[in-house]
Amino acid sequence: MDETTPNIARMYDYFLGGSANFAVDRTAAEEFLRVYPGNTAWAQINRALLGRAVRHLCARGIDQFLDLGSGVPTVGNVHEIAQRENPEARVAYVDIEPVAVHHARHILQGNTQAAVVQADIREPDEVLNAPEVTELLDFSRPVGVLAVAILDILHVEDPPGLVSAYRDACVPGSALVITNGAELSMTPEEREGIDQVMGQTTTPHVTFRSPEEVAALFPGYTLLEPGVVPSAQWRPDEPISEEQALRSNGYAAVGVL
Ligand SMILES: C[S@@+](CC[C@H](N)C(=O)[O-])C[C@H]1O[C@@H](n2cnc3c(N)ncnc32)[C@H](O)[C@@H]1O
């Protein structure tokens, strides 16, 4: 485990008020918040979107989830949300970061319907064939694949190709949830500051995407209404203002097969 380089999993944990982080993460996270004070709102909006999307997929009858880049467990974990909607729901978490995986293993002890695998999601065969995944998820039935706040920090040649590898493992009725950072209300200076702070972390490249670029991450999927929108605007529980929507600084969409 690298405790000397700031890590986004542990910084994100710090942003959300967790304690699974090291001094180097807290320093980078504080610097991130200094250059971009809107980040706390971003993290909360992103996390709330995850909850709404999972609840929606449960309502559509999906009861299995593969959470790619799941992060350090925090308030409102996918298995808690899904199992509240459907006690039979199953969730496989995947993360590359040892602290995130360690914490997830700890809180999932004794839960026979949720597991975590430490893997690089850029290796879909490894993920899809991991025993924790194959023993838990039945890919002959619909699966909800979650790629929430992960594709923007992933350095891959062909992001739609990576998504397709997971899609090909899924049957009709399956779904994909994506959120991706975007410059909605942040200033160019804030964006530059983010690039500088992230440049020092283990995931130094951040790719913001336009709505069209986010839509291109759903090859072969049909996007559910309202399509690609600022994350806070994706089926909000209550009406939100335009200003709230812009504070998302990221887009969300859900596609189905
Ligand atoms: C910003 S967090 C998002 C966490 C969660 N999906 C959410 O939205 O609340 C990104 C997560 O992706 C993980 N990650 C980054 N690169 C990864 C990779 N190549 N394979 C698996 N996980 C990765 C990080 O460790 C981190 O936990």
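For the range 130-149, state whether one or more residues are part of a loop (DSSP other than H, G, I, E, B), touching a strand residue (DSSP E or B) at 6+ places or on another chain (Cβ under 9 Å) and within 14 Å of the ligand (Cβ to nearest atom). Within the range 130-149, one or more residues are part of a loop (DSSP other than H, G, I, E, B), touching a strand residue (DSSP E or B) at 6+ places or on another chain (Cβ under 9 Å) and within 14 Å of the ligand (Cβ to nearest atom). Within the range 230-257, the set of residues being exposed (fewer than 15 other Cβ atoms within 10 Å of the Cβ) and assigned to a loop (DSSP other than H, G, I, E, B) comprises Asp237, Glu238, Pro239, Ser241.
With respect to the conditions (1) closer than 20 Å to Ala245 by Cβ; (2) open to solvent by 50 Å² or more (accessible area, probe 1.4 Å), Gly227 falls short on a single one, namely (2). Among the residues of the range 66-81, those that are touching a Gly at 6+ places or on another chain (Cβ under 6 Å) and open to solvent by 20 Å² or more (accessible area, probe 1.4 Å) comprise Thr74, Gly76.
Look at (1) within 15 Å of the ligand (Cβ to nearest atom); (2) crowded, with 20+ Cβ neighbours inside 10 Å; (3) not β-branched (Val, Ile, Thr) and you find that Leu16 fails only one, number (2).
Taking the numbered list (1) open to solvent by 50 Å² or more (accessible area, probe 1.4 Å); (2) touching a helix residue (DSSP H, G or I) at 6+ places or on another chain (Cβ under 8 Å) in turn, Glu157 passes all entries but (2). Of the residues making up the range 199-222, just one is acidic (Asp, Glu) and either assigned to a loop (DSSP other than H, G, I, E, B) or surrounded by 15 or more Cβ atoms within 10 Å (Cβ to Cβ) (or both), namely Glu213. Every condition in (1) open to solvent by 30 Å² or more (accessible area, probe 1.4 Å); (2) more than 12 Å from the ligand (Cβ to nearest atom) holds for Leu176 except the one numbered (1).
If you go through the range 94-125 and pick out every residue that is within 10 Å of the ligand (Cβ to nearest atom), part of a helix (DSSP H, G or I) and more than 22 Å from Phe22 (Cα to Cα), you end up with 0. Applying the criterion of being touching a strand residue (DSSP E or B) at 6+ places or on another chain (Cβ under 8 Å) and part of a helix (DSSP H, G or I) to the residues of the range 50-65, the residue that is most open to solvent (accessible area, probe 1.4 Å) is His56. Screening the range 179-198 for residues that are in contact with a helix residue (DSSP H, G or I) (Cβ under 7 Å, 6 or more places away or on another chain) and within 17 Å of Ala252 (Cα to Cα) and picking the one that is most open to solvent (accessible area, probe 1.4 Å) gives Glu183.
Counting the residues of the range 107-155 that are at pLDDT below 95 and within 16 Å of Gly71 (Cβ to Cβ) gives 2.
The values are calculated or read from the model by the stated rules, or taken from the named source; none is laboratory data. It should be emphasised that the depicted structure is a prediction, and the values quoted were computed from it without experimental measurement. All Cβ positions, glycine included, derive from the backbone under ideal geometry; neighbour counts span all protein chains shown. The accessibility values were calculated without ligands, DNA or RNA, using every heavy atom of the protein model including side chains. Shrake-Rupley method; radii C 1.70, N 1.55, O 1.52, S 1.80 Å.
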